[in-house]
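Notes follow the structure.
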Amino acid sequence: MVRRIPPGRVTTYGAIARYLGAPQSARLVGYALKASFAARPPVPAHRVVNREGRLTGKANFPGPARMEDLLRAEGVPIHED
């Protein structure tokens with residue numbers, strides 16, 4: 001499902017959980033994405049944010065700014081707060 005998110009767009013863990021029919025399982029979506037980094041073809045986990053739009057998954061990427069860099073390269077605006 002995450003591979004269907006087009007470049008330049010993001011969705012939330014909760015939206016994915018609802019799509020899968022498990023609306024209370026947003027955290028499990030996060031765990032699954034964390035485990036997906038070895039998947040081939042790669043899963044674009046950088047396109048999934050929390051319900052507030054925060055990049056909560058960035059600790060799971062190599063380098064502290066990698067998630068932000070990938071999103072910026074796709075044209076997604078990043079707001080610092």
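Summary of values
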item: Residues of the stretch 15-57 that turn out to be in contact (Cβ under 8 Å) with a residue 12 or more places away in the chain, basic (K, R) and more than 17 Å from L70 (Cα to Cα), as a count; result: 2
item: Pick from the stretch 15-35, criterion touching a helix residue (DSSP H, G or I) at 6+ places or on another chain (Cβ under 6 Å) and surrounded by fewer than 17 Cβ atoms within 10 Å (Cβ to Cβ), ranking: farthest from A59 (Cα to Cα); result: P23
item: Residue count for the stretch 58-71, restricted to those that are surrounded by 12 or more Cβ atoms within 10 Å (Cβ to Cβ) and either in a helix (DSSP H, G or I) or touching a Gly at 6+ places or on another chain (Cβ under 7 Å) (or both); result: 8
item: Hits in the stretch 48-57 (condition: surrounded by fewer than 12 Cβ atoms within 10 Å (Cβ to Cβ) and within 16 Å of P6 (Cβ to Cβ)); result: none
item: V76 touching a residue at least 60 places away in the same chain (Cβ under 8 Å), closer than 18 Å to I5 by Cα and not charged (D, E, K, R); result: yes
item: Verdict on E80 being of a type in the set (D, E) and surrounded by 13 or more Cβ atoms within 10 Å (Cβ to Cβ); result: no
item: Neighbours by Cβ (under 7 Å, 6+ apart or cross-chain): first from the stretch 1-14, in contact (Cβ under 8 Å) with a residue 60 or more places away in the chain; second in a loop (DSSP other than H, G, I, E, B) and of a type in the set (D, E, K, R); result: P7/E74; G8/E74
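Conditions (1) basic (K, R); (2) modelled with pLDDT of 95 or more; (3) part of a loop (DSSP other than H, G, I, E, B); (4) under 24 Å from I78 (Cβ atoms), marked per residue:
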{"position": "P6", "(1), (2), (3), (4)": "no, yes, yes, yes"}
{"position": "R18", "(1), (2), (3), (4)": "yes, yes, no, no"}
{"position": "G30", "(1), (2), (3), (4)": "no, no, no, yes"}
{"position": "L33", "(1), (2), (3), (4)": "no, no, no, yes"}
{"position": "P42", "(1), (2), (3), (4)": "no, no, yes, yes"}
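The values are calculated or read from the model by the stated rules, or taken from the named source; none is laboratory data. These numbers come from a predicted model, not from an experiment. Don't worry about glycine lacking a Cβ; one is built from the backbone with ideal geometry, like all the others, and counts go over all protein chains shown.
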